[in-house]
Protein chains: 2
Amino acid sequence: MATQTAPTLADVEAARGRIFDHARATPVYGSETLSRRAGRKVWLKAENLQRTGSFKVRGAVNKLSLLGPEERRAGVIAASAGNHGQAVAWAARELEVNATVFMPQDAPMAKVEATRNYGAQTVLTGTGFDDALSAAADRAHESSATFVHAFDDEAIIAGQGTIGLELADELGEVGTFVLPVGGGGLAAGIAITLRALRPRVRIVGVHAGKTRGGTIADGIAVKHPGTLTMSILDDLLDDLVHVEDEAIAEAITVLLERAKLVVEGAGAASTAALLDGAVGGSGDVCVLLSGGNMDPTMLISVMRHGLTLAGRYLVFRTRIADRPGSLVELLELIAAERGNVVSVEHHREGMEIDVVETEVSLTVITRDSAHCSQLVAALGSRGYTVDRLA
Amino acid sequence: MATQTAPTLADVEAARGRIFDHARATPVYGSETLSRRAGRKVWLKAENLQRTGSFKVRGAVNKLSLLGPEERRAGVIAASAGNHGQAVAWAARELEVNATVFMPQDAPMAKVEATRNYGAQTVLTGTGFDDALSAAADRAHESSATFVHAFDDEAIIAGQGTIGLELADELGEVGTFVLPVGGGGLAAGIAITLRALRPRVRIVGVHAGKTRGGTIADGIAVKHPGTLTMSILDDLLDDLVHVEDEAIAEAITVLLERAKLVVEGAGAASTAALLDGAVGGSGDVCVLLSGGNMDPTMLISVMRHGLTLAGRYLVFRTRIADRPGSLVELLELIAAERGNVVSVEHHREGMEIDVVETEVSLTVITRDSAHCSQLVAALGSRGYTVDRLA
């Protein structure tokens, strides 16, 4: 790859002209709940409502628009198990270019389907992203098709930077912007733009590293950040902070319940950093919600976790006498405390259970942490042991 | 109450001037997935992104703006366990009027909290909505405060009608509009506006009746629709159709997964009617997503149900030999078929279980209906009984 240089504000403005007919200018919302929790006015840039469900189409349309007629005829190639693949597929259809997207064999079927529905050829190969990447690079090498990198590319960076133009237009009062950082293309493009138009704003990057077993913010858990993007971010970010999955799960739940927006893990990282108190600065703050593509089965797990943390679920184990009526007594007590039982499981075989007792696990919906504690106290005062599982 | 007359387009336009500084002009999105499924271009009017999470603030702000100085000083009263109460509370705060909202004692805590957070006094009374309503009426009668009806009021109808102005501005090509009908204020206001500005459009109302145990579309399960609203709707609707909870659950799931929008039951009824093939007409169609206030624990249940209907969850019971290794064999087979097991439950006490067998219930995440059927077939071909629970 030839040495690349950072795009300028002029490149970003030119990109806006190219993507204008294709990508959406996404809305910005003030959030009362988040403002109350953060102690400062909070604005949400809802890029999860972008076409294909993430910001990636901006860069992809800009990149493909810059190809010459022969390059367009030869088509494009990308490697991605996620948003970038869908964005390249979608941009290629918009601009009538052939696209081939390489994905690992275990890519979620929903993402494979979405990529195909946008008209791209998909190639499922290897066991992880690196296999898909090297297969894509091989194919690009053998053919005359153009490989479209997900972030370390001037045209991609300039495309994502168009979000910065919208932010500068819409949010005159905002002094702090919080941006997720994965490969760095999104944050680099926006930082270039904001630094040029609003030199004194504070810009904070957020990354979510992989913990054991992965992270729910897989969109920003990138093994090798870009050379170009990192040199830009080293220059332009005021701070780069880290958030854990717990905080991200809670942020996803708050955004869903209060802002009515579905936001994926990486997309909620900026909100998580703000709620964690990691952002710094003062005055109005804007958090970028970068995408909303989360598998709904995963979303259910995350919501259950987020709600449990917020005291909205009480999952516990207790013991009751092994005689008729003892379970009814327990359930009547919970009902009197206005807990809503969603599941009851009997266990009669545990090693530690007395022969005249039986063990039950219950999941109860509670209003909030205070209600949850009140219910636990009521159970205790009536002689039940409460072994909280969540 | 004095006899009321239907508001006119001029009333709706005047309402727009009053609410302009308070309510949002909500965005409209084209949805590729819904367009493919409906076989026609589908537009979503995202009123779930309105302040307080529903369209109700439009009517409430208009109504309160029309009060005289003395009426404002005396405050307002509403009865609601849901969106109307929050909207009146919010509008009252915007216009610096005192508000008291009567709710049933078992109103969801989240809604009570939200109403209080907007600054209203809340009175929890009685066991159902009718009790709250009569307590509110009594209080209004005793005091000089103004009772704000949720729908059967000219000013409320005119306020909701401002959505029709936005639709007429934004959607020149759309020939069919689908609106949820509960008390009828929303549909009446929009129908008045669209009939005046775009006389030839098709307007379809959707209601969701209560089935046993209630409905997930509680926002439009109104016992007594308004006299004024119904006379307007009788005149102006082309059709009024009915949707069931199953279809609404599926619509909520599609909107969440594909449009990244959280929509409550009543808010998804219009989408459900479209996917059900109940809407009629041809060409572009716009469905109104009227609100997004759904309890997240309820949302989880709805999503699980919607995903099960879509073949994304397989819940089944089978029997395995009661010896070491038999569960591992079963799980290996499921893994080889790329099913993702999320829960396993052992039952050893069923009446019909052979003494050398044990019963297990499994929940497995599958990609789609085809994958689900393929997994069931693979289990059968290896001799497992499959008793599907969902």
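The values are calculated or read from the model by the stated rules, or taken from the named source; none is laboratory data. As the structure is a computational prediction, the values presented were derived from the model and not from experiment. All Cβ positions, glycine included, derive from the backbone under ideal geometry; neighbour counts span all protein chains shown. What goes into the accessible areas is simple: the full protein's heavy atoms, side chains included, and nothing from ligands, DNA or RNA. Shrake-Rupley method; radii C 1.70, N 1.55, O 1.52, S 1.80 Å.
Summary table
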item	result
On Cα atoms only, tilt of B:129-142 relative to the major axis of chain B in degrees	20 degrees
Rounded accessible area of B:THR5 (nearest 10 Å², 1.4 Å probe)	90 Å²
Calculated P(r) tail over 43 Å for the protein assembly as shown, as whole % of Cα pairs	33 percent
For chain A, built as a Gaussian network whose Cα springs stay under 10 Å, the top-fluctuating residue of A:VAL97, A:VAL148, A:VAL342	A:VAL342
Order of exposure, largest accessible area first, which applies to A:LYS41, B:LYS63, B:LYS45 with probe 1.4 Å	A:LYS41, B:LYS63, B:LYS45
Cβ-vector label at 7 Å, A:HIS141, separations to other copies in nm	8.6
Dipole of chain A, positive end: most advanced residue of A:SER326, A:GLY339, A:SER134 [Cβ charges, Cα centre]	A:GLY339
For B:LEU124, residues with placed amide H under 5 Å, excluding near neighbours	B:MET103
Calculated label separations, A:ASN117, copies of the chain, 7 Å along the beta-carbon direction, nm	3.3
Paired Rg and Dmax values of region B:232-390, which use every Cα atom, in angstrom	20.7, 71
Separation of the A:VAL356 and B:VAL28 label points, Cα + 7 Å toward Cβ, nm	7.3 nm
Vicinal HN-Hα couplings computed from phi for region B:292-298 (Karplus, 6.51 cos²θ - 1.76 cosθ + 1.60; Hz; Gly/Pro x)	x, 8, 10, 4, x, 5, 5
Global form of region B:136-240, assessed from the alpha-carbon gyration tensor, a/c cut-off 1.5	oblate
Gyration tensor (alpha-carbon) shape descriptor, region A:15-55, a/c threshold 1.5	prolate
Distance between modelled label sites at B:SER301 and A:GLN105, nm, 7 Å Cα→Cβ extension	4.2 nm
Exposure of A:PHE129 as accessible area (Å², to 10), given a probe of 1.4 Å and all protein chains	100 Å²
Convex hull of region B:78-134 built on C-alpha atoms - directionally averaged projected area, nm²	3.1 nm²
Fraction of alpha-carbon pairs over 16 Å apart in region A:87-207 - percent	68 percent
Using a Förster distance of 51 Å, the FRET efficiency for B:SER144-A:VAL328 (Cβ separation, nearest 0.05)	0.50
Cubic angstrom per residue, convex hull over Cα atoms of region B:194-305	117 Å³
Restricting region B:139-225 to GluC sites (Glu not before Pro) in coil, as DSSP defines it, with at most 13 other Cβ within 10 Å	B:GLU173
For the protein assembly as shown, with +1 on Lys and Arg beta carbons and -1 on Asp and Glu, the positive-most of A:VAL112, B:GLY267, A:THR253 along the dipole	B:GLY267
Between region A:83-104 and region A:233-309, the alpha-carbon center distance in angstrom	27 Å
FRET efficiency for A:MET230 and A:LEU309, using Cβ-Cβ distance with R0 set to 35 Å, rounded to 0.05	0.60
Charge context of A:LEU288, other residues only, Cβ under 9 angstrom, K/R +1, D/E -1	0
Copy-to-copy label separations for B:ALA321, where each label sits 7 Å from Cα toward Cβ, in nm and ascending	4.4
Spacing of the two label points (7 Å from each Cα toward its C-beta) at A:VAL341 and A:SER134, in nm	5.7 nm
Region B:170-328 - charge dipole about Cα centre, Lys and Arg +1 at Cβ, Asp and Glu -1, debye rounded to 20	500 debye
Extension reserve of the B:ALA10-B:LEU66 stretch, reckoned as 0.36 nm per residue once the Cα distance is removed	18.7 nm
Helix-only mean residue ellipticity at 222 nm for chain B, each DSSP H run of n ≥ 4 adding -39500 (n - 2.57), per residue, nearest 500	-13500 deg cm²/dmol
Contact surface A-B: accessible area buried, both sides summed, square angstrom, 1.4 angstrom probe	3600 Å²
Helix A:154-170 axis, angle to chain A major axis (alpha carbon atoms, nearest 10°)	70 degrees
Per-residue HN-Hα couplings for region A:275-286 [Karplus 6.51, -1.76, 1.60; θ = phi - 60°; Hz; x = Gly/Pro]	5, 6, x, 9, 8, x, x, 8, x, 4, 9, 10
Accessible surface ranking that places the most exposed of B:ARG18, B:ARG116 first, with a 1.4 angstrom probe	B:ARG116, B:ARG18
Unit charges on C-beta of K, R, D, E only; dipole of chain B, Debye	800 debye
Cα gyration tensor, chain B - rounded (a/c under 1.5), prolate or oblate	prolate
Rg and Dmax [Cα atoms of region B:1-115; Å; Rg one decimal, Dmax integer]	17.0, 54
With all protein chains modelled, accessible area of B:MET109 [1.4 Å, Å²]	40 Å²
Most fluctuating residue given options B:ALA14, B:ALA91, B:ALA188, as computed from a GNM of chain B linking Cα atoms under 10 Å	B:ALA14
Sum of side-chain charges, A:CYS372 neighbourhood, beta-carbon under 11 Å (Lys, Arg +1; Asp, Glu -1)	+1
Per-residue ³J(HN,Hα) for region B:28-38, Karplus 6.51 cos²θ - 1.76 cosθ + 1.60, θ = phi - 60°, Hz, x for Gly and Pro	10, 10, x, 10, 5, 5, 5, 4, 5, 6, 8
Other-chain or far-sequence residues with amide H under 5 Å of B:ARG202's (modelled H)	B:THR176, B:PHE177
Residue-normalised accessible area of region B:57-131, given per residue in Å² at a 1.4 Å probe	38 Å²
Largest-first ordering by accessible area, 1.4 Å probe, given options A:SER35, B:SER373, B:SER144	B:SER144, B:SER373, A:SER35
Alpha carbon centroid spacing (whole Å) that separates region B:68-82 from region A:1-28	50 Å
In region A:68-120, the GluC sites (Glu not before Pro) that fall in loop regions by DSSP, at most 11 other Cβ within 10 Å	A:GLU96
Formal net charge of residues neighbouring B:LEU167 (Cβ-Cβ distance under 15 Å; K, R +1; D, E -1)	+2
Chain-alone versus full-assembly comparison, region B:48-90, residues with accessible loss of at least 30 Å² (1.4 Å probe)	B:LEU49
Cα centre as origin, Lys/Arg/Asp/Glu Cβ charges: the protein assembly as shown dipole, Debye	1140 debye
